[in-house]
Amino acid sequence: MLTKNKIEEELEKFLPEDSILSSLEECYVYSQDGTNTRKSEKTPDVVIFPETIEEVQQVVKFANIHEIPVTARGAGTNLIGACLPDSGGIVMNFSKMNKIKRINKTDMTAIVQPGVVVGDLQKAVEEIGLFFPPDPSNLRVSTVGGAIAQSAGGPKTFKYGTTKDYILGLKVVLADGSLMITGSNTIKNATGYPLSQLFVGSEGTLGIVVEATLKLIPKPETSRVMLAYFDSINDATVSVNNIIDSKLFPSTIDFMDNNAINTVEKFYPANLKTDKTAALIIEIEGSKDSVLADGEKLKEVLLNSNASGITISDTQEEYERIWTARRASFAATAKLRPDVVTDDMIVPRSNLPKLVEGINAICEKYHLQTCVIGHVGDGNVHPQIALNLEDKQEYANYIAAKDEMYRLTIKLGGTLSGEHGIGSEKKKYIPMAVDKVALEYMRKIKTVFDPKNILNPDKIF
């Protein structure tokens with residue numbers, strides 16, 4: 001491999017000087033991401049900020065010739081070490097490729113660069129009556145490129161799906177520097193293999209997304225949220241089935257266990273009922289008349305499902321209070337101990353009570369404080385574990401607990417990630433969840449697209 005100085009010298013031939021960082025102090029920042037449990041053992045040789053597709057192509061072509069690792073990076077908010085430069089090399093930061101190139105109201109599409117912040121995109125399309133549903137918790141900073149790399153979801157996944165459901169086409173720079181254009185500008189496309197989907201969730205290991213054509217939908221006229229309390233996790237889960245059986249289709253059905261309720265109320269008081277075992281946050285969207293009618297029907301279903309208390313957002317203030325309480329869970333859990341780790345597991349909804357109860361039992365066994373939240377409508381839970389990562393015994397307990405939680409998830413018919421991805425943190429566990437033959441073909445696909453293994457190496461498997 002070329003030396004650090006030589007890499008920088010060569011990159012200066014086709015990148016502006018102010019688009020390259022090379023000092024140890026500047027590059028060290030990029031040896032970390034949102035993952036609390038580890039940082040990269042290596043610091044990147046350089047960090048670059050491309051502004052055009054052509055610049056990305058030139059860099060990747062150069063890197064491929066000299067077998068230099070390239071790690072694409074958005075905001076670095078992922079929680080599984082997906083953009084850690086574990087092999088050094090070049091980190092490619094897309095913060096300068098942050099333009100919404102076009103929004104077409106008639107076709108309900110948007111063409112965007114990878115550095116566009118998800119929350120900014122949502123605001124831009126909502127101004128003309130459209131809606132981009134993927135709703136990651138860090139949407140104010142997370143980028144579209146990162147959302148594509150991880151196939152991000154969020155609370156609205158139950159009704160609207162994840163990022164992969166809104167990808168119409170991509171422009172992708174491949175490992176040899178060539179540009180592949182996938183998909184089309186049309187809502188339907190049955191022309192050949194759906195290659196766009198191959199790159200969604202691939203964490204930058206197959207190619208680097210430099211532009212995306214996204215599907216949009218009409219913005220709902222209004223929304224209403226309910227906070228329903230239950231005296232058992234099973235009752236909360238059964239109520240979800242009852243909601244679906246009643247032909248209601250909320251955009252969100254989120255979950256908080258008793259620990260999460262109490263922790264939020266302790267640090268961010270929101271008038272929550274701390275004596276309840278579980279709470280559901282349920283949002284319905286649509287026309288004003290349909291939301292009011294569905295709200296009354298939903299209330300009736302919840303009461304018939306043993307809900308022991310219901311709060312309804314009849315005002316914008318109440319709406320914000322309920323959602324603020326739900327979104328405060330991570331920050332509240334972080335106040336319990338020096339560190340907090342968030343995980344991501346998903347099981348069939350029928351097995352959700354067993355998973356939540358199992359997670360709490362495992363954490364109790366290993367003396368770990370945990371708050372369980374999640375998107376109960378699709379069986380996706382996020383245990384938030386508070387601990388001191390500097391305490392060797394406590395960290396060992398966490399690793400043992402994590403192993404047991406993953407094994408329980410697989411036993412219950414689930415898998416390792418619903419929306420966070422695999423990265424470097426979960427790669428050793430992937431044989432638990434992926435069929436042996438399927439995993440073999442994943443490796444073959446990686447070899448086809450990236451024979452020299454320069455694109456985000458050491459991730460997924």
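Using only side-chain charges placed at the Cβ, +1 for Lys and Arg and -1 for Asp and Glu, the dipole size of the chain relative to its Cα centre rounds to 800 debye. Under the simplified labelling scheme, the Val448-Ser350 pair shows an inter-label distance of 3.6 nm, with each label point 7 Å from Cα along Cα→Cβ.
Modelled this way, with points 7 Å down the Cα-to-C-beta line, the labels at Asp289 and Lys105 are 2.5 nm from one another. Over the stretch 222-330, with a single point scatterer placed on each C-alpha, what log10 of the ratio I(q)/I(0) does the Debye formula yield at q = 0.10, 0.11, 0.15 1/Å? The calculated log intensity ratios at q = 0.10, 0.11, 0.15 Å⁻¹ are -0.25, -0.30, -0.57. Summary of the geometry: the stretch 282-314 and the stretch 416-430, compared by the centres of their Cα atoms, lie 35 Å apart. The length gained on full extension between Lys42 and Val437, counted as 0.36 nm times the residue separation minus their Cα-Cα distance, comes to 139.0 nm. By how many nm would the segment from Asn306 to Thr3 grow when fully extended, if each residue of separation counts as 0.36 nm and the alpha-carbon distance is taken off? Result for the pair: 102.5 nm of gain on full extension. Of all lysines in the structure, the ones whose alpha carbon falls short of 24 Å from that of Lys215, not counting any fewer than 8 places away in one chain, are Lys96, Lys99, Lys101, Lys105, Lys123, Lys156, Lys159, Lys164, Lys171, Lys188. Taking the C-alpha atoms only, the angle from helix 436-449 to the longest principal axis of the chain is near 40 degrees.
Amide H contacts of Leu455 (H built 1.01 Å from N, in plane; Pro and chain starts excluded): Val70 sit under 5 Å, all sequence-distant by 5 or more or on other chains.
Using C-alpha pairs below 8 Å separated by at least 6 residues, the relative contact order for the chain is 15 percent. Only alpha carbons enter this Debye calculation for the stretch 1-82, each as an equal point scatterer, and the log10 of I(q)/I(0) it gives at q = 0.10 Å⁻¹ is -0.25.
Extension gain for Phe461 to Lys273 (0.36 nm times residue separation, less C-alpha to C-alpha distance): 63.4 nm.
The number of Lys pairs in the stretch 222-330 with C-alpha atoms less than 26 Å apart, excluding pairs fewer than 8 positions apart on the same chain, is 10. Taking amide H as placed 1.01 Å from N in the peptide plane, Gly374 has its amide H under 5 Å from the amide H of Phe255, His382, each at least 5 places away in sequence or on another chain. Between Ser23 and Asp391, the modelled label-to-label distance comes to 3.8 nm, taking each label 7 Å out from Cα in the direction of the beta carbon.
FYI, it's all coordinate maths here, none of it is from the lab. From a predicted model like this one, the values you see are computed outputs, not experimental measurements. Here Cβ is always computed from backbone atoms with ideal geometry, including for glycine, and neighbour counts include all displayed protein chains.
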